[in-house]
Amino acid sequence: MAGYVVLGAQWGDEGKGKAIDLLADRADAVVRSQGGNNAGHTVVVNGEKFILHLLPSGVLSEKADCFIGNGVVVDPKVLKKEIETLKVKGGRTNHIYISDRAHVILPYHIEIDGILEEEKGENKIGTTKRGIGPCYMDKYGRIGIRMGDLKDRAHFESKIKLALNEKALRFPNHKFSLELVMSEYDAYISEIKPRIIDTIPVIHKLMREDKLILLEGAQATMLDIDFGTYPYVTSSNPTVGSAMCGSGVNPFFIKKVIGVSKAYVTRVGEGSFPTELFNETGSHIQNIGREFGSTTGRPRRCGWLDMVALKYAVSLNGITDIIITKLDVLSGISEIKVCVAYELNGVQIDYVPALMEEFTSAKAIYQTFTGWNEDISQIREFDKLPVNAQNYMLAVEKMAGSKISMISVGPDRHQNIMREALI
Ligand code: GDP
Ligand code: IMO
Ligand code: MG
């Protein structure tokens, strides 16, 4: 028994939700460790679709307890709604706990997210407008409000008053409402309060008892505040470090780091993307792959697999196993391209440049693979895949330098080709 980290190896929406749901059957606990309801993790069970924004994607499992870890930013209103939806669908909810150290997203964070995007004009990030950045700004500015502060109404109200004074100084042209915050508080507190606990001793006990803990990353490596395509990133570290900093699990407990990658790339929001397709193939992938955001519904930009980025993700996170998703979407495309290096100012490079200006002018250098026509969504064994699909996967595996342990060929829990046991 040990810890298994599941994280995004691209720009998000790789299928982390599906992977966690699949593995959660064997887990004692599933912990979300960073991000907030900017995430949209889809789980499909027997054709029924669940989109989880804050609740860990293991929430549908029969056994695992679910924790929203200290590194997450929590919008309690959204959390309450998500728990209620789960109840209506007949799911159990008595196993959901929230860290008292997790920071709270309040209505003014959401307003400020919008204000900051407007201030940036054409340089906007294209955020999900869920208040994520402003909430993390308060956390790192050491003026944030934490879930533990919600437990006592008077204490919470006094903290909010101070926070609103600070916001009034920073944004003199905007009026933020105390009444709005407090009326929302009254609406969600009864559902949320009993679930707020100090998750650290609980998680440490699970570790001592050698239980199996799944750590669920949100967003992805290329959206990381340090390692991603800054400033077109999110405001947390979706790379492996957060699995520890955001949960209290120590690194020696981690047995595997599972990186999830699509067989191609998608990106939502602004920021460069060297393999982006602006042609019919891009629209075809978007249609067949149903590439529309699980959180905002925005169309996802589509492009070829970028091995420079994927190798970077393998290295940064110590990815031991790769899950490739959506290979089925590439059926019917006669030529499949893979970016094997970038060209920057006439020089070939195999790393992700730190400067946005350089990253934007990096041109993808491609290797081309012959595609296949067959529908592969019912295939469950690697050897039964069309030879060209096998060749494509073997080449990606070799370039990535980490084994592809699972290939997903459809959204449902069971549409997988297992090459090696993940747990
Ligand atoms: P996450 O944010 O990483 O959990 O990913 P999302 O849920 O935002 O987006 C992944 C989308 O692809 C969801 O609609 C999934 O149901 C779907 N999906 C996952 N794996 C596969 C697959 O192998 N094939 C197809 N066609 N869809 C998949
Ligand atoms: P999951 O967990 C894809 C993107 C936004 C925007 C940038 C910053 O479902 O993979 P933010 O609201 O975080 O300040 O927005 O990050 N983004 C995501 N893109 N999947 C996600 O989550 C994302 N979460 C944030 O589109 O470009
Ligand atoms: Mg998503």
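From the list Met406, Met418, exactly one residue is at pLDDT 95 or above and under 23 Å from Asp306 (Cβ atoms). Which is it?
Met406
Within the range 269-321, restricting attention to residues that are among the aromatic types (Phe, Trp, Tyr) and without any contact (Cβ under 8 Å) to a residue 60 or more places away in the chain, which residue is nearest to Ile51 (Cα to Cα)?
Phe292
I'd like to know if the range 263-271 contains one or more residues that are within 11 Å of ligand 2 (Cβ to nearest atom), in contact with an Asp or Glu (Cβ under 6 Å, 6 or more places away or on another chain), in the same structural domain as Arg298 (by TED's automatic domain parsing) and not aliphatic (A, V, I, L, M).
yes
Just checking: which of the helices (runs of 4 or more DSSP H) contained wholly in the range 58-176 hold 3 or more residues that are among the basic types (Lys, Arg) and out of contact with any Pro (no Cβ under 7 Å at 6 or more places or on another chain)?
76-88, 153-170
Being in contact with a Ser or Thr (Cβ under 9 Å, 6 or more places away or on another chain), in the same structural domain as Gly17 (by TED's automatic domain parsing) and of a type in the set (Ser, Thr, Tyr) narrows it down to one residue among Ser57, Ser61; which is it?
None of the others qualify; the one that does is Ser57.
Could you grab the pairs with beta carbons closer than 9 Å, sequence gap of 6+ or different chains, first residue in the range 28-53 and within 17 Å of Thr239 (Cβ to Cβ) and without any contact (Cβ under 8 Å) to a residue 24 or more places away in the chain, second one part of a strand (DSSP E or B) and within 12 Å of ligand 1 (Cβ to nearest atom)?
Pairs found: none.
Take the residues in the range 19-50 that are buried (at least 24 other Cβ atoms within 10 Å of the Cβ) and charged (D, E, K, R), then tell me which one is nearest to Gly410 (Cα to Cα).
Selected residue: Asp21.
Which numbered condition trips up Asn317, out of (1) within 14 Å of ligand 2 (Cβ to nearest atom); (2) modelled with pLDDT of 95 or more; (3) buried (at least 18 other Cβ atoms within 10 Å of the Cβ)?
(1)
The values are calculated or read from the model by the stated rules, or taken from the named source; none is laboratory data. No experiment lies behind these values; they were computed from the predicted model shown. We place every Cβ from the backbone using ideal geometry, glycine too, and count neighbours over all the protein chains shown.
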